[in-house]
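The values are calculated or read from the model by the stated rules, or taken from the named source; none is laboratory data. Predicted model only: the values in this text are computed from it and were never measured. Glycine also receives a Cβ, built like all others from the backbone with ideal geometry; neighbour counts cover every protein chain displayed. In case anyone asks, the SASA skips ligands and DNA or RNA and just uses the protein heavy atoms, side chains included. Shrake-Rupley method; radii C 1.70, N 1.55, O 1.52, S 1.80 Å.
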Amino acid sequence: MRTHPIAVLAGDGIGIEVTPAAQRVLDRAIASHNARLEWREYPWGTDYYRVHGRMMPVDAIDTLADADAVFLGAVGDPEVSDVETLWGMLIPIRREFDQYINLRPVRSLPGVRSPLADRPDIDLVIVRENVEGEYSAVGGRSYAGTPYESAYQQALFSRRGISRAAEFAAQLAARRSGRLVSATKSNGIIHTMTLWDEVVRDVVAGHPGIELESVLIDALAARVVQHPERLDVVVASNLFGDILSDLAAAAVGSIGIAPSANLNPERRFPSMFEPVHGSAPDIAGQGIANPVGQIWAGAMMLEHLGYEAAAGDVMGAVERVLAAGISTRDLGGSASTAEVGDAVLGELAKARVEA
């Protein structure tokens, strides 16, 4: 039996509730494929910050480097600045491990009603550049505390960074419909976005058969609401990809079901898997958080580890549970976090017996 060490960072808020539910599902799914996950739990997050003044230990990256993957719940606390929580944990992991692709699949699931009027059938993937772009630490403030106080934020776009995101997106589009949309704003952001357009166009030119459409971000946001079913693969900068993926998840029916993968495609470093939702402190501790996003992120992790059949088993079980009307409050149901997790486990067991 093959063993995979997985670093678990349940984090904050509902993260510590949905992560165990997902772990139980993944344990059951992979056991059927003669493998096991060795969960290595690390109690890092805002509670750790309150005691130590930092989100994770100084040697955290070295500690995580030995894992096959990182499984993250959620990070954030209303009493601690997002600058501390994100830049002290999530972003350093992404950048130290060069997880330059943030992959966010968005698709309609049975039993999940879209808020859009015509209930479109949505199946798209957003490829977000994940380590540079608008989310830069380069900047600062001048004349603090005076009427002349100013803030400066430098967006960093490199040819290398854009080209490897575009290459990943083009290869993904080739395996799907062959259609690729690039999010831009080069009519207003004349330096970084024109470079983005040029590099994406050059990369896609090396993939005959890929149909590239460059769409301004405001028009693309409108398309996500008006005609999301017409989108397949979208490649976007760090900021644009972040916003579009949340919007698309809401168009499907709930951000609580949306997963994401922070990938180092060359596998030189561990990749990290997490739900798109945050720590949701308003419902934390009530046992009503939706575990589907965490479970789906886990299915993506299984696929990354080479267990595509196990990942399919998980998603098939999730879809059957949702189709049966078993869901949490955000989807109009009344089930608890544990009840949804148990129902998915039940479907996995039932499928195994039938097989």
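Below are the figures for this structure:
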| read-out | value |
| --- | --- |
| Unit Cα scatterers, Debye sum, segment 221-312: log10 I(q)/I(0) for q = 0.14, 0.23, 0.25 Å⁻¹ | -0.62, -1.25, -1.30 |
| FRET efficiency for residue 163 and residue 223, using Cβ-Cβ distance with R0 set to 22 Å, rounded to 0.05 | 0.30 |
| Over the chain: helical MRE at 222 nm, DSSP H runs n ≥ 4 each giving -39500 (n - 2.57), nearest 500 | -12500 deg cm²/dmol |
| Loop-resident sites, segment 116-212, for GluC sites (Glu not before Pro), counting at most 11 other Cβ within 10 Å (DSSP) | 149 |
| Rough spin-label spacing in nm, given labels placed 7 Å along Cα→Cβ, for residue 174 and residue 190 | 3.6 nm |
| Dipole moment magnitude, nearest 20 debye, the chain about Cα centre, only Lys, Arg, Asp, Glu C-beta charged | 560 debye |
| Accessible area (Å², per residue) of the chain, counting only protein heavy atoms and a probe of 1.4 Å | 44 Å² |
| For the chain, share of DSSP beta bridges that run antiparallel, in % to the nearest 5 | 40 percent |
| Sites matching chymotrypsin sites (Phe, Trp or Tyr not before Pro) across segment 108-209 that sit in DSSP coil, with at most 13 neighbouring C-beta atoms within 10 Å | 143, 148 |
| Contact order relative to length of the chain, as percent, for alpha carbon pairs under 8 angstrom and 6 or more apart | 23 percent |
| Whole-number percent relative contact order across segment 32-183, with pairs defined as alpha carbons under 8 Å at least 6 apart | 14 percent |
| Rg and Dmax of the chain, Cα atoms only, in Å | 20.3, 71 |
| Whole-percent carbon and sulfur share, accessible surface of the chain, 1.4 Å | 51 percent |
| Fully extended contour minus Cα-Cα distance, from residue 62 to residue 286, at 0.36 nm per residue | 77.2 nm |
| Label-point separation in nm, residue 141 to residue 32, each point 7 Å along Cα→Cβ | 5.4 nm |
| Alpha-carbon Rg with Dmax, taken over segment 1-111, Å | 15.2, 44 |
| Highest-MSF residue in the chain out of 344, 125, 51 [GNM, Cα springs under 10 Å] | 51 |
| Pairwise FRET efficiency - residue 1 versus residue 123, Cβ, R0 = 25 Å, nearest 0.05 | 0.15 |
